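**Q** Got a structure for you, questions after.
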Amino acid sequence: MIRINEFQPNPQGTDPQMAVFELQGEPGTLFTGWITSIEGDNSSATIDSAYQISGTFDEHGLLTVEVPDLENPSFTVVLSSEFNGALGNTFSLLNTGAFFGRVHDALGVPDASADASYLFGAALGGADFAYTGDEPRLVFRDSLSGDWYAINDPDNGQVIDINGNVVAPDEFGSDPASGTDTFGSANPSRSAPAANHFVESFEQAPGTTYFLFSDIDDGSFDFFGRFASPDNTNSARDDFQSGFDGGYAIFGQDHDGEGGASTQVVSIPGIDISGYVDLAMAVRVGALSSEPTFQNYEAGDGIRIFASVDSGARVLVAEFAPPVSGSGDLRLDTDGDGIGDGEVLTTALSRFVIDLPNGGSLLDLEIEMTSDASYEPLVIDKVEVGEMLELAPEPEGPEAVFIHQIQGSGTDVAISGEVQVQGVVTGVYDESDELKGFFVQEEDAHTDNDSATSEGIFVYLGSNSVDGLAEGQIVTVTGVAEDYFGMSQINVTDGGSVTIDDATDNLNLVSSTLLELPAPGRTDAAATFEAVEGMLVNFTDTLVVSEYYELARTGQIVLQDEERSYQYTQLHEPNAEGYAAYQDDVAASRIVIDDLNNLQNSDEIYYPGAEGFSVDNFIRGGDQVEDLTGILHWSWAGYQGSDAWVVRPTEAAPVEFTESNPRTDVPEEVGGRLKVASFNVLNLFATIDDGAATTQTGMEPRGADSEAELQRQLDKIVAALSKMDADVIGLIEIENDNDETLALLVDELNAALGTDVYDYVPTGVIGSDAIKVGFIYDSSSVRIANDGEAVAVLDTPEFMAPLGTGDKNRPAVAVTFEELATGSHFTAVNNHLKSKGSPVAGEDDPGIEDGQGNGSETRKMAADVLADWLATNPTGAPDDDVLILGDLNAYAKEEPLQELREGADDQAGTEDDFIDLAAEMIGDDAYSYVFDGQLGTLDYALANQALLPQVTGVTQWHINADEVSLLDYNDDIQDPTERGYEAKPSGNELYADDPYRSSDHDPVIVGLDLAPEWNLIRGEDGRNDRIKGTDGSDLIMSLGGRVDRLWGLEGEDYFAVGHEMHNGVRETDMIMDFEGGKDSLILMEGAEIRSMHGSERSMVIFLEGDRDMIHLLGTNLSAENLNIRYEPADLFL
């Protein structure tokens, strides 16, 4: 044990430059550690100072060190093995291990009563002073009891105990208030012993225990000697597996050659007792109790202790004998009649204090042990002789035990305190950036065959090291058995030791315990795998990678039994009871695999193999692990922010991954002439998050932290968009600005494609959030209908803030697009509903209990408003085709989706219903997002009944949800606004300008084959055609011919001309009833207008080349009223 023994919180006079601390520990041992102070004047819990110290404890176990003077109280002083924080950090008990490693001692000292609640001493395993009335100039421990006392400045001749009570100085052996501090020497004590006190112990060798077995195995053997470990090779020995002091038993050879009753004597002669009075002896004694049915001590059996002074009379001073019946247990004889009538001896050795003769110079002791039948062992241990013996603490040496005895069958160690074990090293994690320890497991031959007790345990080395330590070695470990944050361990940092007994590979002496998932309980419940804590285990299932969010930060991966789970409400209607049971089932079917340490943000990512994670060596969700073998123990599981059972890899059995969910280079084909996509691009901001900038809505940017990161982000998104090759793309989580971010993305996309084909739908700032939704589109295939005016925004309070507690949903944007090839129209509406991450004021949030998460009512009400709004045709579309897109933050069976499926009339099975295309065409395998290792769809494409027959396919391109975030756009530079885990490790290459992990949501892509909205009427090449349209909307193509006459008749008509411009023939197309401002003139690709002139009723257009002529006759004819489009020559063929 290492602890603080004395220091000066506020020395008298001017504060010195250096503060003196006296520490107490094992004499002669070297100590290195840290002294840290935590602010206690307020609730900030700020780390005020931290200093490393080192030195060697003197022969009295004292070490005096100096550190720069601490701030005056209130504060908590912590003595620890390490310090991993920084000055100014905020301390929390939750990060004790991360900050301090092992806390040796801690003391809180207040300078006001109100500050008591800001102290951490007691919570860290030490103590906290009550307010002493002032700032103490000195605090010290009683040199014998270890109790804390304080002396104030000024001290007024008073000593105050830790509870704030005044203690008279004359109660101490020396006056603590005399002004003479005792650094480097023993502190004063209120419980000083008499000057003549002495205690001597007599053992043959350290740890010696004498014992006697008589006539074991049918009267043939008896044995007298020391404890040794059993080897389970003899049935008689096996009968004693529940024997003395933790399972030791002896089977030996015939000691006296007689095969009968045997008496053995332990002699301790010549003890110098000159000048001492009130002598006594102490001895630990044991025998079998009545539990084993084969035990029976008879008259004559027992233990007798004799003493003589100066070779005088031999006096019986104590006897342990059977009871009056003459057989049975052995008991203390309290009245000297040879019959046991006192405390019963058991296999748990009891310590007895026995009076001895006084006077004289030399004392001789003899202890006789007699046994005359099979299985009647007698044990004595640790003989002491001394004065005032009842005041002397019993000397405690390490208890040699089996690991299963330490572990017991509960969640806490069954044996605490100093222990000694021997076992096989199964996993070594002893580097300073690892666990700082190793696991050891009992050999199979020494197990207790009890499925409820573990045979493995962690050994904590701290800053110590064991040269040459390796898996498979047999070691003896001496240290303190304890629980550390729920994990059983042996701590060897305070005077413990590790000895390598056999340096060869002995892994064949231990076995892996076979396990399978689902486990008998949740794997984040301590009791589930307690029986195999710290042991080698082997999972016999095929496991799949289900969660990898923490891989970048903590090196952890979650594996699932057989296949990945879906979110409860992806497959089931919301239900509180069903959701709770489902989560229990999921938690029982998963296991965490961890790396070699508990550090965060390591420079090297351990998985998936020896070379570490990189763009060329990666894993994806759904990849498989067979025959998972490692060490199972209770540890921090970052994916939940709490503890769970984790598997640590070993050198002998590395974790191997099998690719079972490969990437695809491009999305699956969806058919159709048009492709429409929904893509959440994870906070694409043109405004850099540099800590100073704000968005046009007055909020902090949420995207890239530097220009370099923004370019990397753009490159990955552009790579994804290029391969999606969609005609219309609804983007989610774009910066809410005056379209600068949309314009930037379009410029980057066009530059990558080498053509200015893409454009964006302008909306400007909409709503109050930092992000918005938007559209980009391929202008060579579609255009915004109504001359770019068919755009509507849903930003009413009923939609954005249904509960009247501020905007929660982002405005929806609806755009009607016209397909250039067919003139067909459809309306796409892009959405981003309230997230599940935070509650909404004014909402009971029933979804938290039934699986829908926070904000479920807000999303449901918004979906209802959206359906009603779309029923009003907000863009003035000439067609009923509607496609709802976006991130709805709701899984497939949740209430917002139900609202949309039922349409504006809130009735299922009617004409205004919307259809979830992924659910309809992909089925239960659909997903676009992974959260907590469970799959689900947050991103949607829902078609109304009018559009559904024109849908040719749908796909979800899994380029993001299945990818590890290490592959995103962040670089390895920690910018001022970045958290530590956002900056990438610098060990391996983790960035490529490819689509993979361009976001955290997968894009959804829909194929459309829109029905033409006009009647196609074509002439013939080389003829002078007379072509008449219909009363509806017509597309009339003249093709070749010297003079073609065209009539559109009623409706909005399109006239496609200019097919033959260089055939050496001057051709004329006469359009006989062209209505300016209503009808459209389509010039095929390559046609160029040379000149035009005319009046409101007649206009002539001359083309380049053969000087073909277009003669328009009609109404309202002028250059301003001509709708002229240029299209590819084969667009309508």
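**Q** Could you grab the relative contact order for region 3-178? Cα pairs under 8 Å, six or more apart, rounded to a whole percent.
**A** On the way: 438 pairs, mean separation 35.3, N = 176.
Reported as a whole number, the value is 20 percent.
**Q** For region 3-178, give the share of DSSP beta bridges that are antiparallel, in percent and rounded to the nearest 5; count only bridges with both residues there.
**A** So the antiparallel bridges amount to about 95 percent of the total.
**Q** For a label point 7 angstrom out from the Cα of S274 toward its Cβ, which stretches of region 297-313 have the backbone nitrogen within less than 16 Å?
**A** Counting backbone N atoms under 16 Å from the label point, the list is 310-311.
**Q** State, as an integer percentage, the relative contact order of region 869-944 based on alpha-carbon contacts under 8 Å between residues 6 or more apart.
**A** The value is 37 percent.
**Q** Show that you can apply the helix-only estimate: for the chain, add -39,500 (n - 2.57) for every DSSP H stretch of four or more residues, divide by all residues, and state [θ] at 222 nm to the nearest 500.
**A** Calculated mean residue ellipticity at 222 nm is -2500 deg cm²/dmol.
**Q** Need one number: nm distance between label points at E740 and A527, each 7 Å from Cα along Cα→Cβ, rounded to one decimal.
**A** If labels sit at E740 and A527, their model points lie 6.0 nm apart.
**Q** A further question on this structure: Local charge sum around R620 (other residues, Cβ-Cβ under 13 Å, Lys/Arg +1, Asp/Glu -1)?
**A** The answer is -3.
**Q** Further question: For region 1015-1127, list log₁₀ I(q)/I(0) at each q in 0.10, 0.15, 0.19 Å⁻¹, using the Debye formula over Cα point scatterers of equal strength and ignoring solvent, two decimals each.
**A** -0.24, -0.55, -0.92
**Q** OK, next. Which order results if I915, I1110 are arranged by neighbouring Cβ count within 10 Å, fewest first?
**A** Taking fewest neighbouring Cβ atoms as first place, the list is I915, I1110.
**Q** Treating the beta-carbon of each Lys and Arg as +1 and of each Asp and Glu as -1, no other charges, what is the dipole magnitude of region 3-178 about its Cα centre, to the nearest 20 debye? Could the numbers behind the result be given before it?
**A** On the way: 4 positive and 27 negative charges, 125 e Å.
Dipole about the Cα centre, nearest 20: 600 debye.
**Q** How far, in degrees from 0 to 90, does helix 856-870 lean away from the longest principal axis of the Cα atoms of the chain, to the nearest 10?
**A** Long axis of 856-870 versus the principal axis of the chain: about 0 degrees.
**Q** Still on this structure: If a/c stays under 1.5 just call it rounded; otherwise compare a/b with b/c (prolate if a/b is bigger, oblate if not). Do that for region 515-658, with a ≥ b ≥ c from the square roots of the Cα gyration tensor eigenvalues.
**A** On the way: a/c = 1.66, a/b = 1.36, b/c = 1.22.
Verdict is prolate for region 515-658.
**Q** Counting only other residues whose beta carbon sits under 9 Å from that of L363, what net charge do I get with K and R as +1, D and E as -1?
**A** -3
**Q** How high is the relative contact order of the chain? Use alpha-carbon pairs under 8 Å, at least six apart in sequence, and give a whole percent.
**A** 6 percent.
**Q** Where the only charges are on Cβ atoms (+1 Lys, Arg; -1 Asp, Glu), what is the dipole of the chain about its Cα centre, to the nearest 20 debye?
**A** It works out to roughly 2140 debye.
**Q** What per residue convex hull volume, in Å³, comes out for region 787-857 when only alpha-carbon positions are used?
**A** Cα-based convex hull of region 787-857, divided per residue, equals 104 Å³.
**Q** While we're here: What size of dipole, in debye to the nearest 20, comes out for region 415-501 about its Cα centre when the only charges are +1 on Lys and Arg C-beta atoms and -1 on Asp and Glu C-beta atoms? Don't skip to the end; give the middle numbers.
**A** Working: 1 positive and 17 negative charges, 34 e Å.
About 160 debye.
**Q** Convert 20 °C to kelvin, take the viscosity as 1.002 mPa s, use the Kirkwood radius over C-alpha pairs of region 756-903 as Rh, and evaluate the Stokes-Einstein diffusion coefficient in µm²/s, rounded to a whole number.
**A** Once the numbers are plugged in, D ends up at 134 µm²/s.
**Q** From the residues L62, S965, S589, which one has its Cα farthest along the dipole of the chain in the positive direction, the dipole being from +1 and -1 charges on Cβ of Lys/Arg and Asp/Glu about the Cα centre?
**A** My answer, from the dipole projection, is S965.
**Q** I'd like to know which of A946, N786, A877 lies farthest towards the positive end of the charge dipole of the chain, counting +1 on Cβ of Lys and Arg and -1 on Cβ of Asp and Glu.
**A** Going by the Cα projections, it comes out as N786.
**Q** Considering the Cα positions of region 399-511, please state its Rg to one decimal place and its Dmax as a whole number of Å.
**A** Expressed in Å, the Cα Rg and Dmax of region 399-511 come to 12.8, 36.
**Q** For mean projected area of the Cα convex hull in nm², one of (1) 55.3; (2) 59.1; (3) 48.8 was computed from the structure I shared and the rest are decoys. Which label?
**A** For mean projected area of the Cα convex hull in nm², the calculated option is (2).
**Q** If you don't mind, there's one more thing I want to ask. Sort D1002, D616 by Cβ crowding within 10 Å, fewest neighbours at the top.
**A** Numbers: D1002 27, D616 9.
Least crowded to most crowded, the residues run D616, D1002.
**Q** Leaving out same-chain residues fewer than 8 places away, which lysines sit with a Cα under 29 Å from that of K834?
**A** Result set, ordered by chain and number: K675, K716, K772, K808, K860, K893.
**Q** What residue among L23, L714, V728 has its Cα farthest toward the positive end of the dipole of the chain, where the charges are +1 on Lys, Arg and -1 on Asp, Glu, each on the Cβ?
**A** Value computed over the given set: V728.
**Q** In a shell of Cβ-Cβ distance under 11 Å around S185, excluding S185 itself, what net charge do Lys and Arg (+1) and Asp and Glu (-1) give?
**A** -4
**Q** Could you pull the Cα extents of region 474-539 along its three principal axes, largest to smallest, in whole Å?
**A** Projected onto its principal axes, the Cα set of region 474-539 covers 40, 30, 11 Å.
**Q** Among W1047, W148, what is the fewest-to-most ranking by other Cβ atoms within 10 Å?
**A** Starting with the residue having the fewest Cβ neighbours, the order is W1047, W148.
**Q** Shape call for region 3-178 from the C-alpha gyration tensor, a ≥ b ≥ c root eigenvalues: rounded (a/c under 1.5), prolate (a/b greater than b/c) or oblate? Don't skip to the end; give the middle numbers.
**A** On the way: a/c = 1.68, a/b = 1.17, b/c = 1.43.
Taking the square roots of the gyration eigenvalues as a ≥ b ≥ c, region 3-178 is oblate.
Quick note: the coordinates plus some simple rules give every number you see, no bench work behind them. Given the structure is predicted, the values throughout are model-derived calculations rather than measurements. Positions of Cβ are generated from backbone atoms using ideal geometry, with glycine treated the same way; all protein chains shown enter the neighbour counts.
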